[in-house]
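Novice: Have a look at this one.
The values are calculated or read from the model by the stated rules, or taken from the named source; none is laboratory data. Quantities reported herein were computed from a predicted structural model and do not represent experimental measurements. Cβ: placed from backbone, ideal geometry, glycine included. Neighbour counts: every protein chain shown. To get the accessible areas, we keep the full protein, side chains included, count just its heavy atoms, and leave off ligands, DNA and RNA. Shrake-Rupley method; radii C 1.70, N 1.55, O 1.52, S 1.80 Å.
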Amino acid sequence: MHRSAPRLSRILACAAVPVMLVAAGCSSDSDSGSGSDGKKNAGSSSSGASSAKPSAPAVEPARFTDLPDPCGSITKKTIEDLVPEAKKKNGTAGRSNDLAARSSCSWNGLDDKGVKGSQYRWLDVGFTRFDSDQSLGSGAKRATDDYAKQVTKAKATEGAEKIAAEPAAGIGEAATLVTYGLNKTDEDFAYATVVARTGNVVVTLTYNGAGYAGAKTPSSSDIVKGAQKAAKEAVAAVADTSDAKVTPPAKDDTKDDAEDGKKDAAKGSDQDSPKSAAKPKSKSS
């Protein structure tokens, strides 16, 4: 009996040792795992923060969202003055897949003076509108780039002689006048091209003329005056089209407020009036 008791104690002690080791091992694995996950999460967080890039600033919205009717952009009076005896008084519209982005119109006519010869005139106007695009830039910037291209194109007209270019004041936000002479159909033509920009729209207008059957070639100054006059009207038509789409102004709130004030005052006086507040006394029987 005395020998079995110590032996039993030793057996129980030995059995307890593996249990403690297992518990310690679980605790150690748990701690080391949480530490590893923590490092991974911290690493991914810092990686995400470092890879994030600041967003690019939004481009300026386009000022104009539509274009005017090109054949109605120049007044009939101006057309009559610049293109006498025009074949089509209302002009000939150019083809376009999107009239809100690109449109054009032209007029031409031959004014027969009999034995004095004939005067030929040609007038055309074109509109190009640019939308704002986050990757391409604002509509105004894109229009500015195209404006420069159109000026270069006008100055590079094939066969042109005595080419000259100068700023055209008072037409849009920027405008350039390009003048030159050109010989075709055995006649000398005088040309004037005005390229103008207003907001996100580029307006290109060309006016030219020639004398036939002995008539004199029109003077360059007359052609320039006509081109500038028509270009001003075309540029103004862009703004007029935009204004026409603006919601009509609201009613005059001042007058409405005044009327409401009078009505409220009248109601108040009726409610506060001693006569309206007094109740008729009941007759005593």
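Novice: Give the residue that is least open to solvent (accessible area, probe 1.4 Å), with candidates limited to residues of the range 85-95 that are of a type outside the set (A, V, I, L, M, F, W, C) and under 11 Å from N108 (Cβ atoms).
Specialist: G91
Novice: How many residues does the range 185-218 hold that are farther than 18 Å from R129 by Cβ and in contact with a strand residue (DSSP E or B) (Cβ under 7 Å, 6 or more places away or on another chain)? Let's see the steps before the verdict.
Specialist: Keep residues of the range 185-218 that are farther than 18 Å from R129 by Cβ, which gives 185-193, 206-218.
Subsequent filtering for residues that are in contact with a strand residue (DSSP E or B) (Cβ under 7 Å, 6 or more places away or on another chain) retains 187-193, 206-213, 215, 217-218.
Of the residues in the range 185-218, 18 are farther than 18 Å from R129 by Cβ and in contact with a strand residue (DSSP E or B) (Cβ under 7 Å, 6 or more places away or on another chain).
Novice: Next up: Which residues, counting only those in the range 191-216, are open to solvent by 10 Å² or more (accessible area, probe 1.4 Å) and among the small types (G, A, S)?
Specialist: If the condition is that a residue be open to solvent by 10 Å² or more (accessible area, probe 1.4 Å) and among the small types (G, A, S), then A213, G214, A215 are the ones that fit.
Novice: A further question on this structure: Could you grab me the full set of residues in the range 100-132 that are modelled with pLDDT of 95 or more, open to solvent by 50 Å² or more (accessible area, probe 1.4 Å) and either in contact with a helix residue (DSSP H, G or I) (Cβ under 8 Å, 6 or more places away or on another chain) or hydrophobic (A, V, I, L, M, F, W, C) (or both)?
Specialist: Passing the criteria: L110, W122, D131.
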